[in-house]
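In what follows, a structure is listed as structure tokens, so that the remarks can point back to it.
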Amino acid sequence: MAQGLRFVLFGSPGAGKGTQANLLRDRLNVTHISSGDLFRHHLEQGTPLGLRAKEYMNKGELVPDEVTIGIILDKVMCLPDDEGFILDGFPRNTNQAQELENTLAAGSRNLDKVVHIDVSEPELLRRLGGRFVCRACQAPHAIGEGEDGAAKKCGQCGGELYQRDDDRPEAVKKRIEVYKRETMPVLGFYRERGVLVNIPGDDTVDEVNKQVLAALGA
Ligand code: AMP
């Protein structure tokens, strides 16, 4: 089998990483690894990891590296050598990016691309305010103004939709602040390595998807 693509979907909360990852996973036949989905899954199950992560997630802060890095890198390194992956929500600071690079290199692997979906702040705020996610499969859904998201069902699996605690206005403000301070420097890290591609992300889901596929050469 040909080597699958290995890439990071990078962007602010609300940039559409989860939505694009769901489309790309099926299209490119790669594994989707989302740090946020993993934490939410643990939270739903009430595991010690979930309870630890919750303290940070609800405040819009990053879960500490000593918790996050190990579980994500284990998932990546458990994949068969030729299997491609999408990392969504990881890395979120330069330490995570460096640890990812070291671990991949130790397994003679590398990242093909880091795709930055660049969305303007007013658009991010609009999207996060109307975002509901599926409790079962975590698929994000855009809910229009005046619509009751909780009364709708997931378009992918029919599961119940809910608004994440960290999509409420106070936490959103904090998450965007944390993104600018801790996560944006990761762009420089990947720019230096020549793997970064910027995609304007205010457009429709389909248009952004086309551009991401083109950036990946897929
Ligand atoms: P997301 O679904 O990617 O927006 O992530 C939701 C929350 O999970 C974030 O606001 C953080 O609290 C936590 N989280 C997700 N990914 C990471 C990461 N790579 N490092 C630290 N915390 C993370």
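Worth a mention:
- Helix 65-78 and the longest principal axis of the Cα set of the chain meet at an angle near 60°.
- GLU61 accessible area, assembled protein chains, probe 1.4 Å, Å²: 70 Å²
- Counting DSSP beta bridges with both ends in the chain, the antiparallel % (nearest 5): 25 percent
- Lysine pairs within the chain, Cα separation less than 24 Å, 8 or more sequence positions apart or different chains: 20
- Theoretical FRET efficiency, 1/(1+(r/R0)^6), r = Cβ-Cβ of ASP203 and GLU66, R0 30 Å, to 0.05: 0.20
- The share of accessible area on segment 78-218 that comes from carbon and sulfur is 49 percent, using a 1.4 angstrom probe.
- Charge dipole (segment 6-211, unit charges on Cβ, about Cα centre) - positive-most of LEU124, GLY36, TYR162: TYR162
- Ordered from highest to lowest accessible area with the whole protein assembly present and a 1.4 Å probe, LYS75, LYS153 read as LYS153, LYS75.
- Accessible surface of MET77 - all protein chains present, 1.4 Å probe, nearest 10 Å²: 60 Å²
- Placing unit charges on each Cβ (+1 for Lys and Arg, -1 for Asp and Glu) gives the chain a dipole about its Cα centre, and among LEU9, TYR56, PHE189 the Cα reaching farthest toward its positive end belongs to TYR56.
- Rounded to the nearest 20, the Cβ-based charge dipole of segment 1-111 about its Cα centre (Lys and Arg +1, Asp and Glu -1) stands at 280 debye.
- Residue-averaged 222 nm ellipticity for the chain, from DSSP H runs of 4+ at -39500 (n - 2.57), nearest 500: -13500 deg cm²/dmol
- Dipole moment magnitude, nearest 20 debye, segment 6-211 about Cα centre, only Lys, Arg, Asp, Glu C-beta charged: 140 debye
The values are calculated or read from the model by the stated rules, or taken from the named source; none is laboratory data. Keep in mind the model is a prediction, meaning the values are calculated, not measured. Quick reminder, even Gly has a Cβ in these numbers, built from the backbone with ideal geometry, and neighbours come from all protein chains shown. For accessibility, only protein heavy atoms count, side chains too; no ligands or nucleic acids. Shrake-Rupley method; radii C 1.70, N 1.55, O 1.52, S 1.80 Å.
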